[in-house]
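Scroll down for the structure; my scribbles are underneath it.
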Amino acid sequence: MNLNTPSFTRFSHDGLSIAYFDEGPHDVEAVILIHGFASSANVNWVYPGWLKTLGEAGYRVIALDNRGHGASDKPLDPEAYRPWIMADDAVALLDHLEIEAAHFMGYSMGARISTFAALNHQQRLKSLVLGGLGIGLTDGVGDWDPIADALLAPEPDAITHERGKMFRAFADQTKSDRTALASCIRGSRDLVDRAAVASIKVPTLIGVGTKDDIAGSPHELADLMPNARALDIPNRDHMLAVGDRIFKAAVLDFYNEIG
């Protein structure tokens, strides 16, 4: 098991080639990790130490590059990025690996995708960890059209929208396909009805940085769910909370508690 540079392979779903890694013994509980917008399995989960943390704790760790990201295929139709369609990619990966159920963990857009997996395939989830997304899941997280515009801008210096600047810089840093990302951000923003959120019965942990100005309150979201708890990740913004040691420790405690 390589906890620093996992080996990626591919499978096909919905006419697309999806890149993923699968690290750890196959006779232990599996965690499937779903990364955020403009990120990748490496950027979201390997580099911040999640593969190492979960692997050393004895879990089988699986992560995919979402469609439009990393080494996976990159359709340009925004309709290809609806969150329930992307959730089906993750469930199809479990099918491909012959895993009946796994712990789902998603960050930001990945948390939205994981929620749709819980809504449509709840029997495939042992638990749910939502990072970087609180009540914004149901109430929205602001206007994202300027982010799409920023991704497509010929020159980054001309971008005036602050959040657009942030995501353009992140996309450039990760050497992403900005045209595919613009399609993704236009197609993946569906909200979840509060009554639907209340139907998710699997144990859930919701972690958001106290300086995150995107996600919305984790406590308000947890209050809507029958078996959820909220975690404040101290002094972390949306970009830095994902790798925080307090977040990691809380996830391991959560997994230990639910058995």
| message | One residue is enough: does region 145-159 have a residue meeting the conditions buried (at least 18 other Cβ atoms within 10 Å of the Cβ), of a type in the set (A, V, I, L, M, F, W, C) and either in a strand (DSSP E or B) or touching a Pro at 6+ places or on another chain (Cβ under 6 Å) (or both)? | response | no
| said: Tell me whether region 8-29 contains one or more residues that are in contact with a His (Cβ under 6 Å, 6 or more places away or on another chain) and in contact (Cβ under 8 Å) with a residue 24 or more places away in the chain. | reply: yes
| message | If I ask for residues that are out of contact with any helix residue (DSSP H, G or I) (no Cβ under 6 Å at 6 or more places or on another chain) and under 16 Å from Ile185 (Cβ atoms), which ones from region 83-103 would you list? | response | Ile85
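Mind checking whether some residue in region 136-143 is touching a residue at least 60 places away in the same chain (Cβ under 8 Å) and either within 24 Å of Ile62 (Cβ to Cβ) or in contact with a Lys or Arg (Cβ under 6 Å, 6 or more places away or on another chain) (or both)? Please lay out each step first, then the result.
Let us first name the residues in region 136-143 that are touching a residue at least 60 places away in the same chain (Cβ under 8 Å), namely 136-139, 141-142.
Right, trim to either within 24 Å of Ile62 (Cβ to Cβ) or in contact with a Lys or Arg (Cβ under 6 Å, 6 or more places away or on another chain) (or both) and you get 137-138.
Yes: one or more hits.
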| field | Which numbered condition Arg163 fails, given (1) at pLDDT below 95; (2) part of a helix (DSSP H, G or I); (3) closer than 29 Å to Tyr255 by Cα | value | (3)
| query | Looking at (1) out of contact with any Gly (no Cβ under 7 Å at 6 or more places or on another chain); (2) open to solvent by less than 10 Å² (accessible area, probe 1.4 Å), can you tell me which one Gly110 breaks? | reply | (1)
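Go through region 166-189 and give me each residue that's open to solvent by 20 Å² or more (accessible area, probe 1.4 Å) and assigned to a helix (DSSP H, G or I). Working first, answer last.
From region 166-189, those open to solvent by 20 Å² or more (accessible area, probe 1.4 Å) are 166, 169-170, 172-179, 186, 189; that's our starting set.
Matches in region 166-189: Met166, Ala169, Phe170, Asp172, Gln173, Arg178, Thr179, Arg186.
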| said: Within region 7-123, considering only strands (runs of 3 or more DSSP E) that don't extend past its boundaries, which have at least 1 residues that are touching a Pro at 6+ places or on another chain (Cβ under 7 Å) and of a type outside the set (A, V, I, L, M)? | reply: 16-23, 60-64
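The values are calculated or read from the model by the stated rules, or taken from the named source; none is laboratory data. Please read these numbers as outputs of a predicted model, since none were measured by experiment. Cβ: placed from backbone, ideal geometry, glycine included. Neighbour counts: every protein chain shown. In case anyone asks, the SASA skips ligands and DNA or RNA and just uses the protein heavy atoms, side chains included. Shrake-Rupley method; radii C 1.70, N 1.55, O 1.52, S 1.80 Å.
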